[in-house]
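Asker: Take a look at this one; I'll ask things after.
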Amino acid sequence: MSQETKIPASGRIEGIYLAAGHSYFGRHGKDAAAFPMVAASEAECIAGKGLFGDRFFEHKSAYKGQVTFFALEVYQRLEETLPRSHGSPEIFRRNIITSGIDLNRLIGKRFRLQGLLFEGTEECRPCYWMNRAWGEGAEKALTGHGGLRAKILETGWLRVGSTFQDPTS
């Protein structure tokens, strides 16, 4: 997997979110814990470890979900099909909210985002917690569009509002 996949230069990072702990992960059969996703203007990506300050940082060696991505367009479609009175994309507990890229096409591919190299590993599959966070039907509606799990291959920073290709925009 040495060749990089080109992604649209016009795509943007719309949001970055980190959580200090797990609200749902590993809590099957229990209530959700209270570890909110906190908005950040930038995030430090550490190769092989994850996003500094996030719950999955140094989770385990070669972890496939060192960083997660979610498309703003998917969130907007869900708002139209399953309206909700409040909320924003971080409700799905993904780290990086993007616009302008089909995240599914990055599964199994290496790609650069703001100059940093990532490897898309798999879909960030939705689970029954999505129904609890958003409402009944969310898990089903997000099937095949739950986001992207990726490994971080190069250390550096991602910033909100910057295009995919230009770390200084």
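The values are calculated or read from the model by the stated rules, or taken from the named source; none is laboratory data. What you see is a predicted model, and the numbers here were worked out from it, not measured in a lab. Cβ: placed from backbone, ideal geometry, glycine included. Neighbour counts: every protein chain shown.
Asker: Which of the residues spanning region 145-158 are over 13 Å from Arg110 (Cβ atoms) and more than 14 Å from the chain's Cα centre (by Cα)? Explain how you work it out, then say what you get.
Answerer: To start, the set of residues in region 145-158 that are over 13 Å from Arg110 (Cβ atoms) comprises 145-147, 149, 155-158.
Listed by number, the residues that qualify are Thr155, Gly156, Trp157.
Asker: What residue, among those in region 127-145 that are in a helix (DSSP H, G or I) and either among the small types (Gly, Ala, Ser) or touching a Lys or Arg at 6+ places or on another chain (Cβ under 6 Å) (or both), is farthest from Thr81 (Cα to Cα)?
Answerer: So the first thing to find is which residues in region 127-145 are in a helix (DSSP H, G or I), and the list is 129-133, 138-142.
Pick out the ones that are also either among the small types (Gly, Ala, Ser) or touching a Lys or Arg at 6+ places or on another chain (Cβ under 6 Å) (or both) and you get 133, 138, 141.
Values: Ala133: 16, Ala138: 10, Ala141: 9 Å.
Checking each candidate, the answer is Ala133.
Asker: Kindly provide the set of residues from region 74-103 that are surrounded by 14 or more Cβ atoms within 10 Å (Cβ to Cβ), over 16 Å from Ala150 (Cα atoms) and among the basic types (Lys, Arg), ordered by number.
Answerer: Matches in region 74-103: Arg77 only.
Asker: Could you list all residues from region 115-125 that are in contact with a Phe, Trp or Tyr (Cβ under 8 Å, 6 or more places away or on another chain) and either buried (at least 21 other Cβ atoms within 10 Å of the Cβ) or farther than 19 Å from Arg12 by Cα (or both)?
Answerer: Phe118, Gly120, Cys124 - these are the residues of region 115-125 that are in contact with a Phe, Trp or Tyr (Cβ under 8 Å, 6 or more places away or on another chain) and either buried (at least 21 other Cβ atoms within 10 Å of the Cβ) or farther than 19 Å from Arg12 by Cα (or both).
Asker: Do you know which residues across region 10-31 are at pLDDT 60 or above and either hydrophobic (A, V, I, L, M, F, W, C) or touching a helix residue (DSSP H, G or I) at 6+ places or on another chain (Cβ under 8 Å) (or both)?
Answerer: Ile13, Glu14, Gly15, Ile16, Tyr17, Leu18, Ala19, Ala20
Asker: Still on this structure: If you go through region 32-43 one residue at a time, how many are at pLDDT 90 or above and surrounded by fewer than 18 Cβ atoms within 10 Å (Cβ to Cβ)? Please lay out each step first, then the result.
Answerer: To start, the set of residues in region 32-43 that are at pLDDT 90 or above comprises 39-43.
Still in the running and surrounded by fewer than 18 Cβ atoms within 10 Å (Cβ to Cβ): 39, 41-42.
Of the residues in region 32-43, 3 are at pLDDT 90 or above and surrounded by fewer than 18 Cβ atoms within 10 Å (Cβ to Cβ).
Asker: Now for a separate question. Within 20 Å of Tyr17 (Cα to Cα) and touching a helix residue (DSSP H, G or I) at 6+ places or on another chain (Cβ under 8 Å): which single residue out of Glu90, Glu123, Glu119 fits that description?
Answerer: Numbers: Glu90 fails: touching a helix residue (DSSP H, G or I) at 6+ places or on another chain (Cβ under 8 Å); Glu119 fails: touching a helix residue (DSSP H, G or I) at 6+ places or on another chain (Cβ under 8 Å).
The conditions single out Glu123.
Asker: Counting only residues that are crowded, with 20+ Cβ neighbours inside 10 Å and in a loop (DSSP other than H, G, I, E, B), how many does region 146-158 have?
Answerer: 2
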